[in-house]
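Below is one structure; the comments refer to it alone.
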Amino acid sequence: MEQSLVLHNVVIRIPLGTSNPPNIISMDGMYKHNAQAGELLWTVDMIDSSNSSGSLEFSIQQRDTDAFFPINVEFSSPQLYCDLEVQQVVAAGSGAAIQYGLSKGLSTEEYTIV
């Protein structure tokens, strides 16, 4: 992870292959069991340079290790992965400066671990 990047509302969706609840042994953050979808939702409020790792340990009766994949990750950030700045906006025809507003943000459309 880029050292200055701050991720907010990180949700890691782990498929369980069953609607049975997992036994949580240890965890950084919070979790929710979605029995209907058969998944474990692991939530971490913020990941930054001072909080860049975490762990979740759970057990569940499941013989098929492939049932735990793909893992989907969702997050947002007020920063971009590459630090881009807009210096100026100009009209295509005249080259005259145009007043503009700018907001930046990073969010996942799809981030999958297979």
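The rows are residues; the columns are (1) open to solvent by 50 Å² or more (accessible area, probe 1.4 Å); (2) modelled with pLDDT of 95 or more.
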| residue | (1), (2) |
| --- | --- |
| Val6 | no, no |
| Leu16 | no, yes |
| Gln79 | yes, no |
| Cys82 | yes, no |
| Val86 | yes, no |
Checklist entry - Condition test on Phe75, is it surrounded by 12 or more Cβ atoms within 10 Å (Cβ to Cβ) and either farther than 20 Å from Glu109 by Cα or in contact with a Leu (Cβ under 7 Å, 6 or more places away or on another chain) (or both)? => result yes
Checklist outcome for this item: Residue pairs within 7 Å by beta carbon, gap of at least six or interchain, first lying in the range 53-76 and touching a residue at least 12 places away in the same chain (Cβ under 8 Å), second small (Gly, Ala, Ser), listed first then second, are Gly54/Gly29; Ser55/Ser26; Glu57/Ser26; Gln62/Gly17; Asp64/Gly17; Ala67/Gly17; Ser76/Gly105; Ser76/Ser107
Item to check | Close pairs from the range 25-43: first under 10 Å from Arg13 (Cβ atoms), partner exposed (fewer than 12 other Cβ atoms within 10 Å of the Cβ) and not hydrophobic (A, V, I, L, M, F, W, C), Cβ under 6 Å, at least 6 apart | outcome: Leu41/Lys32
Checklist entry - Hey, among the residues in the range 88-114 that are under 20 Å from Val44 (Cα atoms) and of a type in the set (D, E, K, R), which one's least open to solvent (accessible area, probe 1.4 Å)? => result Glu110
Checklist entry - Inside the range 51-68, can you point out the residues that are exposed (fewer than 14 other Cβ atoms within 10 Å of the Cβ), at pLDDT 90 or above and not charged (D, E, K, R)? => result Gly54, Ser55, Ser59, Gln61
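Taking the conditions exactly as written (on the phi > 0 side of the Ramachandran plot and either assigned to a loop (DSSP other than H, G, I, E, B) or out of contact with any helix residue (DSSP H, G or I) (no Cβ under 7 Å at 6 or more places or on another chain) (or both)), does Gly95 satisfy them or not?
So Gly95 fits the description; yes.
The values are calculated or read from the model by the stated rules, or taken from the named source; none is laboratory data. Everything quoted here is computed from the prediction, not taken from an experiment. Virtual Cβ from ideal backbone geometry, glycine too; neighbours counted across all protein chains shown. The protein model used for the area step is the full one, side chains on, heavy atoms only, and it has no ligands, DNA or RNA in it. Shrake-Rupley method; radii C 1.70, N 1.55, O 1.52, S 1.80 Å.
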